[in-house]
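The values are calculated or read from the model by the stated rules, or taken from the named source; none is laboratory data. Bear in mind that the values here come from a model prediction, so they are computed numbers and not experimental data. Ideal geometry is used to build each Cβ from the backbone, glycine not excepted, and the neighbour counts take in all protein chains shown. The accessibility values were calculated without ligands, DNA or RNA, using every heavy atom of the protein model including side chains. Shrake-Rupley method; radii C 1.70, N 1.55, O 1.52, S 1.80 Å.
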Amino acid sequence: MPIRQLPTLVINQIAAGEVIERPASVVKELVENALDAGATDIDIAIEEGGAKLIRVSDDGIGIPEDELALAVAPHATSKITSADELEAIGTLGFRGEALASIASVSRLRITSRPTREDGTAEHAGVLEVDGGEVRGPSPGASRPGTVIEVRDLFFNTPARRKFMRSAGSEFGHINDCVQKIAMVNPDCGVTLTHNGRKVQDLPRNQTRRDRCVALMGKDIADALLEFERTDDPSRGSARVWGLAGMPSLGRATTKFQHVCVNGRPVKDRNLQHAIKEAYRGLMPPDRFPQLVAFIDLDPAQVDVNVHPQKSEVRFRNPSYLHGLVLTALRQRLLGADLTPAAHVRSPMSNARNEGGTALAAPPNIEHRTSDIHTASDFVDYFRRMDPTQKGFVYQEVKKQLKEEAPGAVSAEDDAFEQELLNRQAAASTSHPPPTTTHQSILQVHDSYVVTQDEHGLVIIDQHALHERVMFEKLRARILDDRETLESQRLLVPEVVRADAARQAAMEDLQPLLARLGIEASPIGPGEVAVHAFPSLLFSRNVKVGPFMEELLDKADGGAFDKIELGDAPGGTDAQLPEEAALHEVLDMMSCKAAIKAGDKMSEQELASLLEQRDAIERSSNCPHGRPTTLRLTLKDLERQFGRS
């Protein structure tokens, strides 16, 4: 077959195969064009999952009538004029192939009324394209802006239409696409309807946080931690802002992670790794945090022209951005109280009599807080309480009353304060403080530790917490202090079975094993000899053979494989893969060496464990991500006992 020039329609349909994967791809291209046109309100109407109709209306600057035909021509655009501009792209679109590709596989209609520089509107124009056949332009009627209708998508490419999913599935992809774009453009109002039913209605001029919360869910607003970091101008002046979900909000996929670079939603393996590392040890490895991260940097530092749908980008210095995101997230997570609350249902809310009606709360509970309406009522209520039940400082309450209502606190209240102090002193004499070195501590079933803090009752998994304590100590010695763990040589080497693959994996781990105080080498086909083992593990009665077998199994399974972060030279961030591998081994070591469920602990050991909990980072979770602590708040307790 001789070489020949392809017809324009075939060229456009080939391009559509790359750019227009499904109806959501059409929506993405049209909404991005609207944003590039300066739209402040975008309305998106979908019918039958986009197969029948996709209509995108905006109030942007519009397209002059004499340029409508050029708008659907391949590689025609108003966004760039020279190759140099590809080095620093500041718009969402730039290739000039989206409308031409869409028009080649659908029935397209464009109605646009442009706005002059002085703010007045020109007359509207209409252009229709039926499977690549152009009709118009012709005069029309429209409000200022542009309306693009795409009907019967893939009508002339049956093979493509056959592979479309159900209407509900295709609309799900459209909704996800619209959410991602709307999240990063809070100044623009967005509405989305499907078969006449409104699905999204986002007002313009929202703050970034309000827009993100509206899309992520208002029910998790209190569990989203805002973080921000702006780097030194000498290093690039990059800035990251975002909302990080508490570890307890972990999901089974990365679908709920939204990363945007210069206003463009992207997928980047390097940044996903930074997010995963920031949450390392705060949630199980098979869970992923809910998160939004907006990164702003010099457009010359990012290449967006590497993917047909512009969903992936390439950074000039990926290691630098990895470190920026990782540092911002780590600092925010370390500064937050990540202890999950133990939610309990009130027995009063579930109590029912035989007739099915709710039972009233017991009438004999004294001192209802609902009966308090004035400062005097509060003083009377507080005076009647048992001194040992006063869970707050009266001086603080008095100070707040003075700030909110200066006349509400009188000399009588000052006299009552002195009376209160006398009663508290008498109560402390009749109820001496506990004799433990910490606060009141109780070990339950030799597995859980129960104590209190200023918020309520604290329940601790002794194994999980001690595992975190051991991990942080080991990590500090090896990573921060650059020490090698003390090891003990074995009088008789421990022989472990290991096939060729496990022996090869062990050879790759030798530098890591040396830092951990493990000395092991092959001694023949299928066998490895362990000559030295960490003293810490010996002291905790960890068996050499089973530990090494598990270590080699994980190494053979790829658990310690390095992850390439980019081609940036050296620096702390370039060493992160080795650090991640070391974390995996320290996870194992701390788990094996930690106190187990069922181990009886003395009062001194319990007090020491709680003191270490206050001193270490990330004490809310074990290295594997399981929670170490649950909190039952005073409010929950009061609700359970009918005191609120």
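Being assigned to a helix (DSSP H, G or I) and open to solvent by 20 Å² or more (accessible area, probe 1.4 Å) is the filter here, so list the residues in the stretch 473-504 that pass it. Step through it out loud before you land on a result.
If we filter the stretch 473-504 for residues that are assigned to a helix (DSSP H, G or I), which is where we start, we get 473-480, 500-504.
Within the stretch 473-504, 473, 475, 476, 477, 479, 480, 500, 501, 502, 503, 504 qualify.
Do any residues in the stretch 109-127 that are farther than 12 Å from residue 137 by Cα and free of Cβ contacts under 8 Å to residues at least 60 places away in the same chain have Cβ atoms under 8 Å from those of residues that are part of a loop (DSSP other than H, G, I, E, B) and hydrophobic (A, V, I, L, M, F, W, C), where the two are at least six apart or on different chains, and which pairs are they?
Partner pairs satisfying both residue conditions: 114/61; 114/63; 115/61.
Within the group 135, 143, 161, which residue is part of a strand (DSSP E or B) and out of contact with any Gly (no Cβ under 8 Å at 6 or more places or on another chain)?
On the way: 143 fails: part of a strand (DSSP E or B); 161 fails: part of a strand (DSSP E or B).
Sole residue among the options that is part of a strand (DSSP E or B) and out of contact with any Gly (no Cβ under 8 Å at 6 or more places or on another chain): 135.
What number goes with the only condition from (1) within 30 Å of residue 527 (Cβ to Cβ); (2) open to solvent by 40 Å² or more (accessible area, probe 1.4 Å); (3) modelled with pLDDT of 70 or more that residue 589 does not pass?
(2)
Could you tell me whether any residue of the stretch 195-208 is in a helix (DSSP H, G or I), buried (at least 21 other Cβ atoms within 10 Å of the Cβ) and within 23 Å of the chain's Cα centre (by Cα)? Let's see the steps before the verdict.
Step one: filter the stretch 195-208 for residues in a helix (DSSP H, G or I), giving 208.
Retained after the next criterion (residues that are buried (at least 21 other Cβ atoms within 10 Å of the Cβ)): none.
No, the conditions are met nowhere in the stretch 195-208.
Yes/no per residue for (1) modelled with pLDDT of 85 or more; (2) more than 15 Å from residue 474 (Cβ to Cβ):
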{"residue": "528", "(1), (2)": "yes, yes"}
{"residue": "535", "(1), (2)": "yes, no"}
{"residue": "542", "(1), (2)": "yes, no"}
{"residue": "546", "(1), (2)": "yes, yes"}
{"residue": "549", "(1), (2)": "yes, yes"}
{"residue": "568", "(1), (2)": "no, yes"}
{"residue": "572", "(1), (2)": "no, yes"}
{"residue": "584", "(1), (2)": "no, no"}
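Look at residue 175 and say whether it is of a type in the set (S, T, N, Q) and open to solvent by 40 Å² or more (accessible area, probe 1.4 Å).
Details: of a type in the set (S, T, N, Q): yes; open to solvent by 40 Å² or more (accessible area, probe 1.4 Å): no.
No; evaluated as a whole, the condition is false for this residue.
Could you tell me how many of the residues in the stretch 209-223 are open to solvent by 40 Å² or more (accessible area, probe 1.4 Å) and closer than 21 Å to residue 338 by Cα?
Total satisfying the criteria: 4.
Please count how many residues of the stretch 224-248 are in contact (Cβ under 8 Å) with a residue 60 or more places away in the chain, part of a helix (DSSP H, G or I) and surrounded by fewer than 19 Cβ atoms within 10 Å (Cβ to Cβ).
So the count comes out to 2.
Can you give me the number of residues within the stretch 505-520 that are under 20 Å from residue 589 (Cβ atoms) and either at pLDDT 85 or above or open to solvent by 40 Å² or more (accessible area, probe 1.4 Å) (or both)? Outline the logic, then answer.
Narrowing the stretch 505-520 to residues under 20 Å from residue 589 (Cβ atoms): 505-506, 508-520.
Next, from what is left, pick out any that are either at pLDDT 85 or above or open to solvent by 40 Å² or more (accessible area, probe 1.4 Å) (or both): 508, 510-511, 513-520.
Residues in the stretch 505-520 being under 20 Å from residue 589 (Cβ atoms) and either at pLDDT 85 or above or open to solvent by 40 Å² or more (accessible area, probe 1.4 Å) (or both): 11 in total.
Being at pLDDT 75 or above, of a type outside the set (Gly, Ala, Ser), open to solvent by less than 20 Å² (accessible area, probe 1.4 Å) and within 21 Å of residue 179 (Cβ to Cβ) narrows it down to one of 29, 21, 47, so name that one. Full working, then the answer.
Details: 21 fails: open to solvent by less than 20 Å² (accessible area, probe 1.4 Å); 47 fails: open to solvent by less than 20 Å² (accessible area, probe 1.4 Å).
On inspection, the qualifying residue turns out to be 29.
Please work out which one of (1) farther than 19 Å from residue 46 by Cβ; (2) at pLDDT 85 or above; (3) in a strand (DSSP E or B); (4) not charged (D, E, K, R) is the condition residue 148 fails and give its number.
The number of the failed condition is (1).
Quickly run through the stretch 172-194 and pick out the residues that are of a type outside the set (A, V, I, L, M), in a helix (DSSP H, G or I) and in contact with a helix residue (DSSP H, G or I) (Cβ under 8 Å, 6 or more places away or on another chain).
Here is the first cut: in the stretch 172-194, the ones of a type outside the set (A, V, I, L, M) are 172-173, 175-177, 179-180, 185-189, 191, 193-194.
Subset that is in a helix (DSSP H, G or I): 172-173, 175-177, 179-180.
Within the stretch 172-194, 173, 176, 177, 179 qualify.
So, in the stretch 327-341, of the ones that are surrounded by fewer than 21 Cβ atoms within 10 Å (Cβ to Cβ) and assigned to a helix (DSSP H, G or I), which residue ends up modelled with the lowest pLDDT?
It comes out as 334.
Find all pairs meeting these conditions: Cβ atoms under 9 angstrom apart; at least six residues apart or on different chains; first residue within the stretch 627-642 and open to solvent by 60 Å² or more (accessible area, probe 1.4 Å); second residue at pLDDT 80 or above and among the polar types (S, T, N, Q).
Sorted first by the residue in the stretch 627-642, then by its partner, the pairs are 627/248; 627/620; 627/621.
What number of residues within the stretch 97-136 satisfy the criterion of being aliphatic (A, V, I, L, M) and surrounded by fewer than 19 Cβ atoms within 10 Å (Cβ to Cβ)? Steps first, please.
Step one: list which residues in the stretch 97-136 are aliphatic (A, V, I, L, M), which gives 98-100, 102-103, 105, 108, 110, 121, 124, 126-127, 129, 134.
Cutting the leftovers down to surrounded by fewer than 19 Cβ atoms within 10 Å (Cβ to Cβ) gives us 121, 134.
Selection size over the stretch 97-136: 2.
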